[in-house]
Amino acid sequence: MINDVQSWPVARIAQPIEPIADSVPCGEVLKRLLDEPDRPGLPVIAGDRVLGLAARSRLLQIFANPLHRATCERRPIRLVMDAEPMLVQAEWDVDAVSERIATDHRKALHEGFIIVRGDAYVGLGSAQDLLDLAVAKARQSVRDIDRARRDAITASAAKSEFLASMSHELRTPLNAILGFSQMLELDIGGALPPRQREYVSHIRASGTLLLDLVNDILDLARVEAGQSDLREERVSLSTALEKCLRLSGPRIQAKGHHIIVECARRGIDILADTRRIEQIMLNLFTNAVKYTPDDGSIRVRINLDDIGRPGFQVLDNGIGIAQEHLKRILEPFARVESAYVRETEGSGVGLALAKQLIDLHGGTLDITSTLGVGTVVEVRFPAARLIADAPAQSA
Ligand code: ADP
């Protein structure tokens with residue numbers, strides 16, 4: 001834990017110097033100060049109450065002049081002491097004291113200051129000791145921050161490891177559920193009555209959804225744990241899109257969406273990980289399909305941007321996303337709270353995973369949206385990933 005202000009009180013540097021009475025002659029005070037060369041001064045006290053500070057610098061100045069010396073030597077210290085020395089409460093933090101010296105009490109730099117608890121004298125403080133304490137505090141803070149940073153890294157790695165192993169544990173029984181339900185659907189164990197067949201198909205559909213989610217979480221955990229390497233090869237963005245459209249076909253038809261594809265005449269090929277690119281495209285395209293009410297229109301553009309970066313845009317005229325949610329939805333499990341979203345199946349992992357996979361390729365993900373109007377999601381990869389000699393393709 002990072003030390004709070006209270007843990008560095010100035011009391012830690014209080015020198016318990018024996019104070020003097022205000023009647024002690026100046027000559028005697030100077031003699032004592034000469035015997036104790038580390039003291040910036042001596043506190044002048046009556047009972048427990050601080051009357052002033054006999055500063056070494058002031059006395060040396062007086063005694064340097066023979067005339068003043070003669071007059072002061074036997075006079076009581078109260079005549080030359082600083083009657084308004086800097087008083088510091090023992091529990092004040094070292095930084096607060098330094099700040100006060102810098103702004104209001106510059107003389108304390110050479111005179112020192114008196115540390116009190118309430119009105120009672122505790123000890124004398126010097127600028128040198130204060131500086132040492134401030135340095136010790138700064139060092140401690142650096143150590144604390146470093147420890148906190150290392151703890152956070154360990155905790156994050158532990159979380160990713162936990163997610164990865166949980167996902168593994170879940171995948172095995174899920175695959176069994178899917179396998180057996182498929183066998184039942186295929187009547188391998190004998191024909192099922194229609195009602196039971198319907199139930200089995202529900203089991204398989206839910207199992208498939210759950211498996212997709214588990215796979216997404218596993219992927220996300222792997223990327224976050226830095227265990228995900230890219231298998232780079234030539235990827236045609238339009239081929240990836242064709243696959244995505246094929247997989248989304250039933251959903252698009254069910255919602256009656258109108259799909260428009262715009263692709264540069266010479267197709268765009270990039271150096272990337274095919275499976276990852278397909279995953280990114282599918283996640284973003286599926287969102288456009290899901291979050292656009294029936295009979296909507298979705299446009300996908302595969303192109304180079306103004307500065308030659310290859311990538312694609314998915315534009316929909318769906319429910320849109322309010323400005324204040326745009327950042328948050330990139331976090332794992334974040335979903336916008338609305339009736340439409342609640343009724344739409346989803347876990348909030350898709351965008352987070354897409355973002356991580358795009359980052360892994362050194363690319364960018366930008367979302368612009370207007371609530372009730374639609375959303376534009378743009379993915380750009382570094383220009384260096386473009387493979388320039390892409391074979392000609394029809395638009
Ligand atoms: P999921 O779709 O599984 O909830 P995502 O991570 O893909 O998770 O998306 C997070 C949230 O962002 C969604 O729940 C939805 O609220 C919002 N969202 C994503 N894409 C769109 C879109 N094209 N239009 C409107 N809202 C969207």
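The values are calculated or read from the model by the stated rules, or taken from the named source; none is laboratory data. All values reported here derive from a predicted model rather than from experimental measurement. Neighbour counts are summed over all protein chains in view; Cβ atoms, including those assigned to glycine, are modelled from backbone coordinates with ideal geometry. These accessible areas exclude ligands, DNA and RNA; they are computed on the full protein's heavy atoms, side chains included. Shrake-Rupley method; radii C 1.70, N 1.55, O 1.52, S 1.80 Å.
A few remarks follow.
- Cα gyration tensor shape for region 244-285, rounded if a/c is under 1.5, else prolate or oblate: oblate
- Highest-fluctuation residue, Gly374, Gly52, Gly318 considered, GNM on the chain with Cα pairs under 10 Å: Gly52
- Percent of C-alpha pairs per 10 Å bin, region 180-316, short to long: 10, 30, 30, 20, 8, 1, 0
- Charge dipole magnitude, Cβ of K and R +1, D and E -1 - region 200-280, Cα centre, debye nearest 20: 380
- In loop segments of region 57-120 as defined by DSSP, the trypsin sites (Lys or Arg not before Pro) with at most 12 further C-beta atoms inside 10 Å of their C-beta are Arg74, Arg106.
- Base-10 log of normalised Debye intensity for region 224-293 (one unit scatterer per alpha-carbon) at q = 0.20, 0.26 Å⁻¹: -0.88, -1.17
- Principal axes of the chain: Cα extent on each, largest first, Å: 118, 52, 39
- Think of it as helices only: each DSSP H run of n ≥ 4 in the chain is worth -39500 (n - 2.57), and spread over all residues that comes to -15500 deg cm²/dmol at 222 nm.
- Inverse mean reciprocal Cα-Cα distance (Kirkwood Rh) of region 11-61, Å: 11.4
- Each 10 Å bin from 0 upward holds the following percent of the Cα-Cα pairs of region 112-251: 9, 17, 20, 16, 10, 8, 8, 7, 4, 1.
- To put it simply, the accessible area of the chain at a 1.4 Å probe is 55 percent carbon and sulfur.
- About its Cα centre, the dipole of region 296-374 is roughly 60 debye, where the only charges are +1 on Lys and Arg Cβ and -1 on Asp and Glu Cβ.
- Max-minus-min Cα coordinates of region 154-224 on each principal axis give 53, 16, 13 Å, with the largest extent listed first.
- Quarter the surface of the alpha carbon convex hull of region 58-192 and you get the mean projected area, 16.1 square nanometres.
- Accessible area (Å², per residue) of region 95-175, counting only protein heavy atoms and a probe of 1.4 Å: 61
- Placing unit charges on the Cβ atoms only, positive for Lys and Arg and negative for Asp and Glu, gives the chain a dipole magnitude near 320 debye about its Cα centre.
- For region 10-125, taking Cα atoms only, Rg and Dmax work out to 13.9, 43 Å respectively.
- When the chain is treated as a GNM with alpha-carbon contacts under 10 Å, the residue of Pro173, Pro194, Pro40 showing the greatest mean-square fluctuation is Pro194.
- Non-local lysine pairs in the chain, meaning eight or more places apart or on different chains, with alpha-carbon distances under 22 Å, amount to 8.
- DSSP-defined beta bridges in region 189-337 - what % are antiparallel, rounded to 5: 65
- Projected onto its three principal axes, the C-alpha set of region 111-166 covers 64, 23, 8 Å, listed from the longest axis down.
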